[in-house]
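Below is one structure; the comments refer to it alone.
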Amino acid sequence: MPLTEQEIAFLKEKAWLARRNTIQTLMWAGGGHAGGALSQIDILVALYYHYLKVDPKNPDWEDRDRVVLSKGHGGIGYAPILADLGYFKQELLKEFNHTGSPFGMHLDMLKVPGVDASTGSLGHGLPIAVGMAIGARLKKKSWRVYCILGDGECHEGSIWEAAMSAAHYKVDNLTVFVDRNKHCIDGPTETVMTLEPLKDKWLSFGWHALIIDGHDFAQIGGAIDEALQTTGRPTVIIANTIKGKGVDYMEDDPAWHYGGLDSDGMEKAFQSIDRMYGKA
Ligand SMILES: Cc1ncc(C[n+]2csc(CCOP(=O)(O)OP(=O)(O)O)c2C)c(N)n1
């Protein structure tokens, strides 16, 4: 069912908060993967605040939907969402990536409630997600698996091995998002290693594939609904995004793949995010 205007307004509010909290966490951490953390946020917000069957009070609930943030370096933009949902106390984020904290730069499923897979070494999340989805079928469970890939991560061969097996096993309880911000660590994805035509690649691997604006909640919702109704094959949603989305001086700037903030930088980032959401 399409999202209502009220639901979209709610998701926008949560995305505003998640972007602000990501910047705050970056400041506490002394640096992090700012660009990719901000590009993925609307996808995570739509999933966690509308679509997922999860229970923050019972993170290990067996029948929950699973999420694999395969681009594990985005953890600094994921943990603030889990905190807001109540998986753990927001206070803990003050120690993000500090020695002794439960949070490393890449989230550990054994230390952070709500995290279904420890990721960070790119190329491993989709193979894990395919296994989880097959596991649901073997256990005759109805939970679904959502996996978020970086587009640079799609340079990894293991992604395509997993894609091939998911189609072979007709894993239709798996939905993948590619955070298509068009940058990786070394520059534009198309300069480093051509990915396009990316949708055709997934189609040729036997997937249902669609391309959307990854910052538009109506489109994200429509794509998830389409995936829910697709049987006999997995779905990939190539979500066109902007690296650093929301912070004007970070947007589309490869220098902000990883960075730190001083208090002036943080203030300017907050102002930019507030302007984007019409709050300044
Ligand atoms: C196997 C592996 N090689 C290298 C890295 C280092 N690394 C961290 S982020 C990154 C770039 C990833 O680009 P992309 O998937 O497009 O992420 P985004 O632009 O969304 O941050 C790389 C190479 C890694 N985490 N894992």
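Values quoted throughout were computed directly from the atomic coordinates according to the rules given, and no laboratory measurement underlies them. Given the structure is predicted, the values throughout are model-derived calculations rather than measurements. No Cβ is skipped: glycine too gets one built from the backbone with ideal geometry, and neighbour counts run over all protein chains shown.
Work out, step by step, the length gained on full extension between residue 121 and residue 161: first 0.36 nm times the residue separation, then minus their alpha carbon distance; give nm to one decimal.
The span from residue 121 to residue 161 would gain 12.8 nm if fully extended.
Taking a cut-off of 21 Å between Cα atoms, list the lysines near residue 279, but don't count ones fewer than 8 places away on the same chain.
12, 14, 245, 268
Let me know the charge dipole size of the chain about its Cα centre in debye, to the nearest 20, where only the beta-carbon of Lys, Arg (+1) and Asp, Glu (-1) is charged.
It comes to approximately 780 debye.
Which of 219, 229, 40 moves the most in a Gaussian network model of the chain with Cα springs under 10 Å?
Taking springs between Cα atoms under 10 Å, the residue moving most is 229.
Can you run phi through the Karplus equation (6.51, -1.76, 1.60; θ = phi - 60°) for the range 29-46 and list ³J(HN,Hα) in whole Hz, with x for Gly and Pro?
Per residue, the Karplus-derived 3J(HN,Hα) values read 6, x, x, x, 7, 5, x, x, 5, 7, 6, 7, 4, 5, 5, 5, 5, 4 Hz.
Compute for the range 9-117: radius of gyration divided by Kirkwood radius, i.e. Rg/Rh, restricted to C-alpha atoms, rounded to two decimals.
0.93
Where a Cα-Cα gap under 23 Å defines reach, which lysines qualify for residue 139, not counting those fewer than 8 residues away within the same chain?
53, 170
In nm, to one decimal, how far is the residue 138 label point from the residue 105 one, both placed 7 Å along Cα→Cβ?
3.4
Of 61, 202, 143, how do they rank once you tally other Cβ atoms within 10 Å and put the fewest first?
Sorted ascending by nearby Cβ count, the order is 61, 143, 202.
When the chain is modelled as a GNM with alpha-carbon springs shorter than 10 Å, which of 44, 203, 122 fluctuates the most?
Comparing 44, 203, 122 in the GNM, the peak value goes to 203.
Percent antiparallel among DSSP beta bridges with both residues in the range 5-276, to the nearest 5?
10
Let me see the pair-distance distribution of the chain: every alpha carbon pair, 10 Å bin width, integer percents in order.
7, 31, 38, 20, 3, 0
For the range 69-148 and the range 151-201, what is the separation of their C-alpha centers, rounded to whole Å?
Using only Cα atoms to place each centre, the spacing works out to 19 Å.
Where does each of 20-26, 68-74 land if you order them by average Cβ count within 10 Å, highest first?
The most tightly packed comes first, giving 68-74, 20-26.
Order 234-244, 45-55 from most to least packed using the mean count of other Cβ atoms within 10 Å.
234-244, 45-55
Where a ≥ b ≥ c are the square roots of the eigenvalues of the C-alpha gyration tensor, would you call the range 92-164 rounded, which needs a/c under 1.5, or, failing that, prolate if a/b is larger than b/c, or oblate?
Since a/c reaches 1.5 but b/c is at least a/b, the shape of the range 92-164 is classed as oblate.
Report ³J(HN,Hα) in whole Hz for each residue of the range 84-100, in order, from the Karplus equation J = 6.51 cos²θ - 1.76 cosθ + 1.60 where θ = phi - 60°; Gly and Pro get x.
Once rounded to whole Hz, the list reads 4, 6, x, 5, 7, 6, 3, 3, 4, 5, 4, 9, 3, 6, 8, 4, x.
Give me, ordered by chain and number, the residues 5 or more places off residue 176 or on other chains with an amide H under 5 Å from its own placed amide H.
147, 235, 236, 237
Need one word for the range 187-257: rounded, prolate or oblate. Basis is the Cα gyration tensor (sqrt eigenvalues a ≥ b ≥ c); a/c below 1.5 gives rounded, then a/b vs b/c decides.
Oblate, since a/c reaches 1.5 and b/c is not below a/b.
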